[in-house]
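Chemist: Shown below is the structure under consideration.
The values are calculated or read from the model by the stated rules, or taken from the named source; none is laboratory data. Source: prediction; values computed, not measured. A quick note on method: Cβ atoms are made from the backbone with ideal geometry, for glycine too, and the neighbour counts reach across all protein chains shown.
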Ligand code: COA
């Protein structure tokens, strides 16, 4: 019997050339580039190109990719009709998973998408993901969906589609960097789930939907929403220390801390913290960042646990004026690039992912016919 690894910790399931996480050193690289060099220096489309193609785009490549994104952003009427019929108050990630499934149903090529899956398809699904999330938000708020803006890049366009107003330069820039930071992260739970689905030669939409269902959980993508809930409950910096100590005394989990891979600080959290302070200054709302810093200090002193990407993304999104119900769907707006890159990588060198389980149930029981039970 093979050695059991609880939760598959430390097990390498397949090879990947996409991204690498060194949990001990706190390093994340996309296609060989450290995240610190990419964040703030490349835009979302540029980072997506890098992940999909394996090299940074030239100006012409980037222009083409942006043009393709613009072309494919609008949602087709049949999909919008389906979106309008879904219950407005439903959990946003359930809505997103259902809508992506419906998009697969409407895509003529989807049934053969494992064979037909191309980079073009990955780009199309990724560009539409933002329109779906923004559209769902508008419907939830009883507002009309907004058509994408012709001249905005992906990050600015998403913010525009939420509110119908051109975002400020700093808001667009910060959000763009957030998207770059969330693009890919090794074999995280939802990416792994997408790859498992793809490994059965299922279609690309099913594989994405599988990832979305996994991302929804509060131990994964759902954590950032709960971080903001906690920050709002704490509300004032002077309440933060006691609040966290009380949670720990009651053996509760503090959302936004700890990581299955990092034993040190998550490098994305360091970048988000810096962005958070930039936004705090620009928007004169330092309160959330002050609360976060106190929590970070208490968690390190009391538990020796560092924060993860979800911790500082919460105040950043809040200061961008984004409602917390959208935090996990926003994660998906970026991570869709990682999912599709991984799905294509899986198809290109497929081996069915099928681990074993260790059976610990009863054995050798004597069967009793139903009349005698
Ligand atoms: N708050 C308080 N204690 C925590 C903690 C947190 N956020 N994260 C881990 N711990 C503690 C555990 O209680 C456990 O303590 P114990 O050994 O006394 O039982 C120890 O640290 C190890 O935790 P474990 O759950 O085994 O680590 P893991 O690697 O399996 O889990 C997470 C990783 C992410 C699931 C976990 O840290 C967590 O639940 N974090 C909060 C959710 C979150 O922020 N998720 C987003 C991840 S990007």
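Chemist: How many residues, within region 243-258, are buried (at least 21 other Cβ atoms within 10 Å of the Cβ) and under 17 Å from residue 218 (Cβ atoms)?
Modeler: 4
Chemist: While we're looking at this one, here's another question. Looking only at region 1-26, count how many residues are more than 16 Å from the ligand (Cβ to nearest atom) and either over 22 Å from residue 176 (Cβ atoms) or modelled with pLDDT under 95 (or both).
Modeler: Residues of region 1-26 more than 16 Å from the ligand (Cβ to nearest atom): 1-3, 12-18, 20, 25.
Right, trim to either over 22 Å from residue 176 (Cβ atoms) or modelled with pLDDT under 95 (or both) and you get 1-3, 12-17, 20, 25.
Final tally of qualifying residues: 11.
Chemist: Taking region 300-325, which residues are within 14 Å of the ligand (Cβ to nearest atom), within 22 Å of residue 238 (Cα to Cα) and crowded, with 22+ Cβ neighbours inside 10 Å?
Modeler: Of region 300-325, the ones within 14 Å of the ligand (Cβ to nearest atom) are 300-314.
With within 22 Å of residue 238 (Cα to Cα) added as a condition, the list becomes 300-307, 311-314.
Selection gives 307, 311, 312, 313, 314.
Chemist: Hey, another quick one. Can you list the helices (runs of 4 or more DSSP H) found entirely within region 213-298 that contain at least 3 residues being within 18 Å of residue 175 (Cβ to Cβ), more than 14 Å from the ligand (Cβ to nearest atom) and within 24 Å of the chain's Cα centre (by Cα)? So that I can check it myself, show each step before the final result.
Modeler: Working: elements: 223-234, 237-249, 267-283.
Where helices (runs of 4 or more DSSP H) fall fully within region 213-298 and carry at least 3 residues being within 18 Å of residue 175 (Cβ to Cβ), more than 14 Å from the ligand (Cβ to nearest atom) and within 24 Å of the chain's Cα centre (by Cα), they are 267-283.
Chemist: Let me ask another. Do you know which of the residues in region 153-167 that are surrounded by fewer than 20 Cβ atoms within 10 Å (Cβ to Cβ) and in contact (Cβ under 8 Å) with a residue 40 or more places away in the chain is farthest from the chain's Cα centre (by Cα)?
Modeler: Selected residue: 163.
Chemist: Can you pull out the residues in region 189-205 that are closer than 17 Å to residue 329 by Cα and surrounded by fewer than 21 Cβ atoms within 10 Å (Cβ to Cβ)?
Modeler: Passing the criteria: only 189.
Chemist: Is it the case that region 345-367 has a residue that's closer than 30 Å to residue 134 by Cβ and surrounded by 20 or more Cβ atoms within 10 Å (Cβ to Cβ)? Spell out the reasoning first.
Modeler: Pass one, region 345-367, residues closer than 30 Å to residue 134 by Cβ: 345-347.
In the following step, the residues that additionally are surrounded by 20 or more Cβ atoms within 10 Å (Cβ to Cβ) were identified as 346.
Looking for residues that are closer than 30 Å to residue 134 by Cβ and surrounded by 20 or more Cβ atoms within 10 Å (Cβ to Cβ), one finds at least one in region 345-367, hence yes.
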